[in-house]
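See structure below.
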C-alpha cells in the first residue's frame, strides 16, 4: 500500500489517497486518533472520480461517528484498464433497460459474476493492508454497493462483521444462493422508485438473506436519492454491531 | 378529562391515568417539564391492561427523548362495552386466518371500518384535552397501530404532523384510497414474518401512501417482535418532523 497524498480536510477528516498494487483507493480517518478506529469499507458502482463527492459525504458521516472509512476503484472502472467483455455486457444491459425489456439472467451473469470474482479478493487485500495500519482496528463493516460484492464479501470474509447493503443493481441468480449463506447482521437500503432496479427482485433478495438480524429501509426517490438521514441510520446500525 | 391517578415512576417518568368521558387513558410526561413537550399519541390494537407493559416501554422511549406520550382505550376493548358486531367480525377473521384461508374484504370492512369511524373522533377529542394541559404543546405525532386509525387520523386531523405506522393489521380497501391522500411524513414498520398480516398487502399499502417522504422499516420476527432499536429510530424520525 503506497500513500500518494495525505491531507487534512475541514472538520477533522484526514484523507489519504493510495495505490494498492495498481488499484487506486482512498482512506479517511479521524484527524486525531485516540484509539484504533473500527473500519467501514465504502462500496460504490465504480468510478472513484465521478463518485468522489458522494463517497466523501458518506466518509464524513463515518468519521464523525468515530470510524475509519476506505474504498478502492473497481476492476474495469475509472483509471483502471477497461474490460471489453464487461463493457459489452453493460451496453447490452443498458439497451434492454432503455427499451423497457426484461433483462436476461445471462446478461446480468456476464456483467456481474466476473466483477465479483475479481473485486472481492481485492477488497480482502485492502483489508489486509488497512488493518496493518496504526489507528485502524477491527471489527469491520461493508457499506454500499455493488450489492453482489457485499454479499460475496459477507460470505467469504470473516473479518466483515456487519453490512449496510444498497439494493441498487442487478443481482445474478447465483448470488441469491450465496445470500442464503449470509449470517452477519444486515441493513438493506432500497430506493422504492429506482428506475434501473427491479423492486420485486430487491424484496426477494432481502427475503433470501439467511441472517436472523436483517432490516430493510425503503425510501422514496430514484437511484441517487438515498436520504441524508440514512447515513446516520447506517452509523447507528454499525454502532450496534462493530463496538 | 379526569385524572384518576398521578405517579412518578422510576427514571423521571410521570404517569397519569385518566378518563375522557367514559374512555380510560394514560398520559406519560417527563417528570420535570422545562418547556411544552411535543406529543406522541401511542396507537395499539386494543386492551390497555394487556398492552400496558409494551405501551410503557414505548412511552419511556418517548419521554427519554423529551416527548409526552398518551393513549386511550379503543372502542369495544378492555373495560369498554363490547361491540357484538365487532366480536363477530373478529371471530370470523380468526377462523379464516386459522384455516389458512384468504380473508374476505367484507370481513375486514365489517371489523375495521366501524372501529375507525368511532375511534378517530375519540383520538381527536384526546388531542383537544391534552393540548389544553400545561406542559404539552404541539406539534403532534401518531405512533403505532391500528394502522387504519393512523391513516384516517393523518388525513382528517391537521394537528398530526408525522406518523410512525405499524403495518400489522388488516386494512380495508377504502383505507387504501385514504392512504393516497396522506401528505405528512411517514415511517412504516413491517414485521416481515408476521403470520397474522399479509406482507404483500403491507407493501402495496406503503406504495399507496401519497406522501413524498415515507420510509419503510422491515424487520424479522413475528407480530410482537419489533426490535428495541425501532423505538429510537421512531424518536429520530419524530425529531426531524416535530421540532
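The values are calculated or read from the model by the stated rules, or taken from the named source; none is laboratory data. Keep in mind it's a predicted model, so treat the numbers as computed, not measured. Methodologically, a virtual Cβ is constructed for each residue, glycine included, from the backbone with ideal geometry; neighbour enumeration extends over all protein chains shown.
Of the residues making up the stretch B:169-177, one or more are without any contact (Cβ under 8 Å) to a residue 40 or more places away in the chain and part of a helix (DSSP H, G or I).
Answer yes if at least one residue in the stretch B:11-29 is within 24 Å of residue B:239 (Cα to Cα) and free of Cβ contacts under 8 Å to residues at least 12 places away in the same chain, and no otherwise. No, the stretch B:11-29 contains no residue that is within 24 Å of residue B:239 (Cα to Cα) and free of Cβ contacts under 8 Å to residues at least 12 places away in the same chain. Annotation for the stretch A:187-195: no member residue is more than 30 Å from residue B:207 (Cα to Cα) and within 14 Å of another protein chain (Cβ to nearest Cβ). Against the list (1) in contact with a helix residue (DSSP H, G or I) (Cβ under 6 Å, 6 or more places away or on another chain); (2) within 22 Å of residue A:39 (Cα to Cα); (3) without any contact (Cβ under 8 Å) to a residue 60 or more places away in the chain; (4) within 14 Å of chain B (Cβ to nearest Cβ), the condition residue A:231 fails is (3). So which residues in the stretch B:202-228 are in contact (Cβ under 8 Å) with a residue 40 or more places away in the chain and either touching a helix residue (DSSP H, G or I) at 6+ places or on another chain (Cβ under 7 Å) or within 9 Å of another protein chain (Cβ to nearest Cβ) (or both), if there are any at all? Correct list: B:205 only. Among the numbered conditions (1) surrounded by 14 or more Cβ atoms within 10 Å (Cβ to Cβ); (2) under 20 Å from residue A:132 (Cα atoms); (3) free of Cβ contacts under 8 Å to residues at least 40 places away in the same chain, the only one that residue A:48 does not meet is (2).
Scan the stretch A:179-229 for residues that are in a helix (DSSP H, G or I) and surrounded by 14 or more Cβ atoms within 10 Å (Cβ to Cβ) and the total you get is 10.
Going by the structure shown, is residue B:65 touching a strand residue (DSSP E or B) at 6+ places or on another chain (Cβ under 7 Å) and touching a residue at least 40 places away in the same chain (Cβ under 8 Å)? Here the answer is no, as residue B:65 does not meet what is asked.
Every residue, every condition in (1) touching a helix residue (DSSP H, G or I) at 6+ places or on another chain (Cβ under 9 Å); (2) at pLDDT 95 or above; (3) loosely packed, with under 13 Cβ neighbours inside 10 Å; (4) on the phi < 0 side of the Ramachandran plot, yes or no:
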{"site": "B:16", "(1), (2), (3), (4)": "no, yes, no, yes"}
{"site": "B:24", "(1), (2), (3), (4)": "yes, yes, no, yes"}
{"site": "B:43", "(1), (2), (3), (4)": "yes, yes, no, yes"}
{"site": "B:61", "(1), (2), (3), (4)": "yes, no, no, yes"}
{"site": "B:65", "(1), (2), (3), (4)": "yes, no, no, yes"}
{"site": "B:75", "(1), (2), (3), (4)": "yes, yes, no, yes"}
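Of the strands (runs of 3 or more DSSP E) entirely within the stretch B:1-118, those holding at least 2 residues that are under 29 Å from residue B:194 (Cβ atoms) occupy B:23-30, B:37-42, B:68-72. Out of A:152, A:243, A:180, one residue alone is more than 12 Å from every other protein chain (Cβ to nearest Cβ), over 14 Å from the mean Cα position of the chain (by Cα) and modelled with pLDDT of 95 or more. It is A:180.
Condition check ((1) closer than 15 Å to residue B:241 by Cβ; (2) touching a helix residue (DSSP H, G or I) at 6+ places or on another chain (Cβ under 9 Å)) across all residues:
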site	(1), (2)
B:143	yes, yes
B:151	no, yes
B:158	yes, no
B:173	no, yes
B:184	yes, yes
B:200	no, no
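Taking (1) modelled with pLDDT under 95; (2) not in a helix (DSSP H, G or I) in turn, residue B:165 satisfies each apart from (1). Scanning the stretch A:95-123 for residues that are surrounded by 15 or more Cβ atoms within 10 Å (Cβ to Cβ), out of contact with any strand residue (DSSP E or B) (no Cβ under 9 Å at 6 or more places or on another chain) and modelled with pLDDT of 95 or more returns A:107, A:108, A:109, A:110, A:111, A:112, A:113, A:114, A:115, A:116, A:118, A:120. The one condition from (1) outside any helix (DSSP H, G or I); (2) surrounded by 14 or more Cβ atoms within 10 Å (Cβ to Cβ) that residue B:236 does not meet is (1).
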